[in-house]
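Q: Before I ask anything, here is the structure I am working with.
The values are calculated or read from the model by the stated rules, or taken from the named source; none is laboratory data. What you are looking at is a predicted structure, and each value in this text was computed from that prediction instead of being measured. Neighbour counts run over all protein chains shown; Cβ positions are idealised from the backbone, glycine included. The accessibility values were calculated without ligands, DNA or RNA, using every heavy atom of the protein model including side chains. Shrake-Rupley method; radii C 1.70, N 1.55, O 1.52, S 1.80 Å.
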Amino acid sequence: MATNKTHYNLVYLMLCCTVAAFGGLLMGYDSSIISGAIEPLSTYFQLTPAETGWAVSCIMVSSLVGCLIAPKICDHFGRKRSLAVTAVVFAVSIIGTALAHNFTAFILFRLVGGFAIGLACVISPIYLAELSPSKYRGRTTALYSICCVGGQSVVMLTNFFISKSMTSEVLVDTGWRYILSSALVPCAALLVFIAFIPESPRWSVFKGRDKEAMATLGKISNPEHAKTVYGEIKENIKVDPANIKGKLRLNKKTIPLLIIGIGLAIGNQLSGVNVIQYFGPTLMKNITTDNNTAMFMAFVLAFAQFLGVVVGMGLLDKVGRRKLLLWGALASTICLAYSFGAFYLRFPGVYSVLGLFAFMFLFGITWGQVIWTVLGEIFPMEIRSICVGISVCSLSVANFGVSTTFPIMNSNPYLQEVFHGGFPLLLFSGFSLIMFFFTYRFVPETANVPLERIEAIALRKFYGRDIEEDVQPINAKIISNLGDGIK
């Protein structure tokens, strides 16, 4: 076989990455399943608006813990077994919330689900980054977003059919339990399929399992290329695993990268996309009084984002990350401003939600998937795991703030009377405009750029010049030996 050509087993690679991306599906499914249950659940437990917001957003608190300890879990157990652990934790949360007979128990198991979400946010992208060849990195990373948004779309459709099959009284009494328990299906699917995927070859080398790593690399590409990649991985791993301490020093190299990562993560949430995912039916009730209609509209909104992610999957490497983020921020600003006007002026029929449909579709093409790719690329290998964890923690904090305050704003008599339910949309439009300027000023283009050059490009974009060559390098022990992927 010629050694100057690389032949990839794309079918095998994409199947493995799809299974790993199921972590995103569980995240999207479990985080959004509450949208169909929150109204009857609030009636069942007689919740106040603040308690309703807490019931939805409490998972963001425990997801912070999951994000922070996920690197250590996947280093200790391996990427594959960590995904299995994540699915089991999800299952415990689903069963507990579905059977809860008081609000305290519900919150307790909802927090368990948040912990699992934090694990999935970090572990799935790590596995995808370590398994994927660099030329397919954009597409395989997009699988995570597709599964996440796809899970949210399935949730909305499930909510619609369950609520349509029951009266309001039955939905309040037991229906919300059926809605929550439906999330067990993707959990079982992940636990079954995960048995058929390999461990990350980089983690295998890191743990001294060289034969296992070579076997995996040989299944992904031809033997000659597998040996080359194995040699590169072996060369990059020069740290004794027993000496890993996981320390990160903030300096003029790490701070700008964290500002970019945290800024993008927070900006993703300040668009208000999760308000539509979590409170879609509640938001739709501002323009329709029929619960089934509100449920169906929420599904169409989620499906619009799913279609956007599918379309955007092919644009990540062709158009570029930065352009998609800029266009997405500007489109969000316009679409959300229109939606505010539609709510405020009480546009009739489809005109009232046209802006939201456009927002979800365009968000799916751009911010809904691009930030996950950028977060995996912007940080150097030595600190990638911890910095991704910090950025995702910031995303969770912003998600918590938005999800907690929305029910309060939406039920405020004054805001309802003056803005007719559109006030949150006006805020989200303003935040999206801010993110346009943030992206323009700080975010570099990372498409088709070798990973080892991205740090220098990002720092040049941040400072407006090349920083001194004699700056001390990042002083961080490798926490998770997350590599540059298979080249």
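Q: Arrange the peptides 187-193, 198-204 so that the one whose residues have, on average, the most other Cβ atoms within 10 Å appears first.
A: 198-204, 187-193
Q: Take Arg81 and Val185, extend 7 Å from each Cα along the Cα→Cβ direction, and tell me the distance between the two endpoints in nm.
A: Taking the simple label geometry, Arg81 and Val185 are separated by 3.2 nm.
Q: Sticking with this structure for a sec: Once you charge only the Cβ atoms, +1 for Lys and Arg and -1 for Asp and Glu, what is the size of the charge dipole of region 1-99 about its Cα centre, to the nearest 20 debye?
A: 580 debye
Q: Per residue, what accessible area does the chain have, given a 1.4 Å probe and all protein chains present, in Å²?
A: Roughly 39 Å² per residue, with all protein chains present.
Q: Express the carbon and sulfur contribution to the solvent-accessible surface of region 315-471 as a percent, rounded to the nearest whole number, probe 1.4 angstrom.
A: Taking all protein chains in place, region 315-471 shows 68 percent carbon and sulfur surface.
Q: Let me ask something additional. Between their Cα atoms, which of Lys318/Lys461; Lys253/Lys323; Lys234/Lys318; Lys219/Lys323 are more than 30 Å away from each other?
A: Over 30 Å apart, Cα to Cα: Lys234/Lys318; Lys219/Lys323.
Q: Still on this structure, I have one more. Identify, among Thr52, Ala331, Met156, the residue whose Cα sits farthest towards the positive end of the charge dipole of the chain, taking +1 on the Cβ of Lys and Arg and -1 on the Cβ of Asp and Glu, with the dipole about the Cα centre.
A: Farthest towards the positive pole: Ala331.
Q: Here's another thing I want to ask about it. Return the FRET efficiency for the residue pair Ile255, Tyr351: r is the Cβ-Cβ distance, R0 is 45 Å, and the value is rounded to the nearest 0.05.
A: The pair Ile255/Tyr351 has a calculated efficiency of 0.45.
Q: Take the Cβ-Cβ distance between Ala195 and Thr48 as r, set R0 to 60 Å, and report the resulting FRET efficiency rounded to the nearest 0.05.
A: 0.85
Q: With a 10 Å radius around each residue's Cβ, average the other Cβ atoms per peptide and rank 410-416, 384-390, highest first.
A: 384-390, 410-416
Q: Using the Cα centre as the reference, give the magnitude of the dipole from point charges on the C-beta atoms of the chain (Lys, Arg: +1; Asp, Glu: -1; all else neutral), rounded to the nearest 20 debye.
A: Here the chain has a charge dipole of around 1000 debye.
Q: Still on this structure, I have one more. Please find the FRET efficiency linking Thr104 to Thr293, where r is the Cβ-Cβ separation and R0 is fixed at 45 Å, and quote it to the nearest 0.05.
A: 0.85
Q: Tell me the mean residue ellipticity at 222 nm calculated for the chain from its helices only (DSSP H runs of n ≥ 4, each -39500 (n - 2.57), averaged over every residue, nearest 500).
A: The helix contribution divided over the chain gives -24500 deg cm²/dmol.
Q: Taking Cα pairs under 8 Å and at least six residues apart, what relative contact order does the chain come out at, in percent?
A: 25 percent
Q: Convex hull volume of the Cα atoms in region 138-197, per residue, in Å³?
A: 76 Å³
Q: Taking every Cα atom in region 6-82, find the radius of gyration and the maximum pairwise distance Dmax, and write them in Å.
A: For region 6-82, the Cα radius of gyration and maximum Cα-Cα distance read 18.1, 62 Å.
Q: Cα atoms only: what Rg and Dmax, in Å, come out for the chain?
A: Final numbers for Rg and Dmax: 22.4, 74 Å.
Q: Take the Cα gyration tensor of region 63-213, multiply each eigenvalue by 5, square-root it, and list the three semi-axes largest first, rounded to whole angstrom.
A: 34, 17, 12
Q: Then there's this: Counting only protein heavy atoms and using a 1.4 Å probe, what share of the accessible area of region 18-144 belongs to carbon plus sulfur, as a whole percent?
A: 71 percent
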